[in-house]
1. Modelling each spin label as a point 7 Å along the Cα-to-Cβ direction, I'd like the B:ARG375/B:ARG171 distance in nm, to one decimal.
2. If you find the alpha carbon centre of region B:308-328 and of region B:376-436, how far apart are they in angstrom?
3. Cross-link candidates for B:LYS173: which aspartates and glutamates have Cα within less than 12 Å, leaving aside residues fewer than 8 places away along the same chain?
4. What are the extents of the Cα atoms of chain B along their three principal axes, listed from largest to smallest and rounded to whole Å?
5. Quick one: pull the percentage of alpha-carbon pairs in region B:1-119 with a separation above 23 Å.
6. Can you bin the protein assembly as shown into rounded, prolate or oblate? Criterion: square roots of the alpha carbon gyration tensor eigenvalues sorted a ≥ b ≥ c, rounded for a/c under 1.5, prolate for a/b above b/c, oblate for the rest.
7. Return one number: the angle in degrees, 0 to 90 and rounded to the nearest 10, between the long axis of the Cα atoms of helix A:184-193 and the longest principal axis of the Cα atoms of chain A.
8. May I ask you to derive the relative contact order of chain B, considering only C-alpha pairs under 8 Å and at least 6 residues apart, and to give it as an integer percent?
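The values are calculated or read from the model by the stated rules, or taken from the named source; none is laboratory data. Since this is a predicted model, take the numbers as computed values, not measurements. Every residue, glycine among them, receives a Cβ derived from its backbone with ideal geometry; neighbour counts consider all protein chains shown. Surface accessibility is based on the protein's heavy atoms, side chains included, excluding ligands, DNA and RNA. Shrake-Rupley method; radii C 1.70, N 1.55, O 1.52, S 1.80 Å.
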Amino acid sequence: MPAFTTLTGTMVPLPIENIDTDQIIPARFLKTTDKTGLGNNLFADWRYDDDGNPRPDFPLNQPQYQGAQILLAGDNFGCGSSREHAPWALIGYGLRAIISTRFADIFRNNALKNGLLPVTVDQATLQQLFSLSTEDPATAITIDLASQTVTLPDGRTLSFPIDGFARYCLLNGVDQLGYLMQQMPQIEAYERTHPDRVNTLQPQ
Amino acid sequence: MTSSPPRTLFDKVWDAHVVTPQQDDTPATLYIDLHLVHEVTSPQAFSQLRERGLRVRRPDHTLATMDHSTPTLPRNAKGIIPILDAMAAAQLEQLKQNCDEFGIPVYELGSENQGIVHVIGPEQGLTQPGMTIVCGDSHTSTHGAFGALAFGIGTSEVAHVLATQCLLQSRPKTFEIRVDGRLKPGVTAKDIILAVIARIGIDGGTGHVFEYTGEAIRSLNMEGRMTICNMSIEGGARAGMVAPDDTTFEYVAGRPYAPQGQAWDNAVRTWRQLPTDEGASYDRSITLNASTLEPMITYGTNPGMGIPISERIPDPASIGDLSQRQALEKALNYMALKPGQPLLGQKVDVVFIGSCTNSRISDLRAAAQVLRGRRVADGIRMLVVPGSQRVKRQAEAEGLDKIFREAGAEWREAGCSMCIAMNGDQLQPGQYAISTSNRNFEGRQGKGGRTFLASPLTAAAAAVTGRITDAREMF
Ligand code: SF4
């Protein structure tokens, strides 16, 4: 997994609540067996018209937001399905962090496992960031994971919460499968002392 | 005598599966009893195993089925279900190859046990009380109806479970949803869960596991409990649970993977210990009264935008919070509906009976009860999609398929179908569907399609009249 330490970049605002994973990447694009190539279809039904042309009023299509690496989104981002294609599509497009007031549980887990940082802020801060990015799209902010802070252009810093283990893994690029594999002795010990609850190969 | 502090159902299942406990800086390692796999969220996980030279640790705890991208078209003359989409065909083939290579049993398209992943676990008796169950699919919450801790995971986590049979998890909080009283005739489990989500909102359960309690839940059959647990994720919770009882045991008994003989007696004795102890507390609680509930229907673009069927669509002007007002305006704009408009009488184009929420035999019986001796209205397309091949055979044995066909509905092969619209079954832009599925998100049932979520009774009634109708008027 790619490490995430600090990021200084511009923001693209999507002030919509409850953006579900069907909007992030519609189901018809899930027939792939790869993780790559999903970025072009990020937000496909909002981003393109029926003929496949970019809609000029959608923020991701606007020239002033090209190259933004931070997405600002309304409350409860990533609700709905468990598809990890959602973070893959966001990363494929070039995003590295999402700022919202709340993230759906499965989406947050999936994002963290792919080096995409979910940053939770309060409503007032989010509104302020929306204003900053709208008034001056060139505004860059800095997200520092080690200190768990967001620094605004005027030097003000805000802190954000993150689960300690997820932070450790992101900072060091540790992949959680490796961490789990190290627990094999404990897993074997658990299996020895617990009844086998299911055997799918042998109907009773 | 030893006395331990009272625990909830969730606490007991969680505690029994902790391999290494949660610390300040590390999550718990949780053992997983059953891992269900399907074609859409697993290919990249198998690739990861291959890249690292890992095997599937417990193929005997793992089962795969084909459901999401599978067509539900009728079989051809050779008895084969044709796959018209090359990418879907490749994805299904990939699942077959992965399962063969890693030694995992797979229910292939059209084979006798194939079906939607959350329908087959319970019907095979694989889903049992007290288990931990995961799948790369958010509606894994369905299996919680048996008193299992069951939740959806992403593809990275699918790889974790394949390789280690474990997951890293932080302990969620508990949320009791108590439904007292009895449902009135014509009001169903689907209406309970739509009412719950309308009340708490689609993020109301974030970070929590629901436990559904109360007389109304206890008096539901297992299929009704599954419908409710299925949509826990629509209320933001990753899992929902119902304490196991005699209804549960009767359902599980005799199924292919259920314990038998002495093992069954031992299992039931253990399962009887699972219900929440008296005096145990939940982090949050709400109470509803089932006797006041009406059939529910959604009008907007998330499952929390639901109202009793005879009510009018809310007016954004009455909402104080700016972003919530904008969300409602956006939803009504997408749905092309007006504030204050009644939903009764609203025209629909398509009726979909199916999905892991409502595609089991009792759901099909409910829809058939409305359609018996009636016809689907002119110009309405109705799809009836059984949740599994077993459900399909059962329905055919009961003659339900005949009722549907004679009414003018399409009787399809088992799969997710129009719930997710990645398999050829989909709405056309602008069409209205009344669906027994679980998500009414923009474009969920096809780009530009508009979805009303409701119970099988309500959906079947709309098929007959071509308009949103209170099914209770038709009995
Ligand atoms: S029926 Fe719908 S919700 Fe259920 S597993 Fe299939 S796609 Fe998901």
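1. It is 6.2 nm.
2. So the separation of the two Cα centres works out to 32 Å.
3. Counting by Cα, and skipping residues close in sequence, B:LYS173 has these aspartates and glutamates nearby: B:ASP11, B:GLU211, B:ASP283.
4. Principal extents (Cα only, largest first): 62, 56, 46 Å.
5. Counting every Cα pair in region B:1-119, those more than 23 Å apart make up 47 percent.
6. Because its axes are fairly even, with a/c under 1.5, the protein assembly as shown counts as rounded.
7. It is inclined by approximately 50 degrees.
8. Across chain B, relative contact order equals 17 percent.
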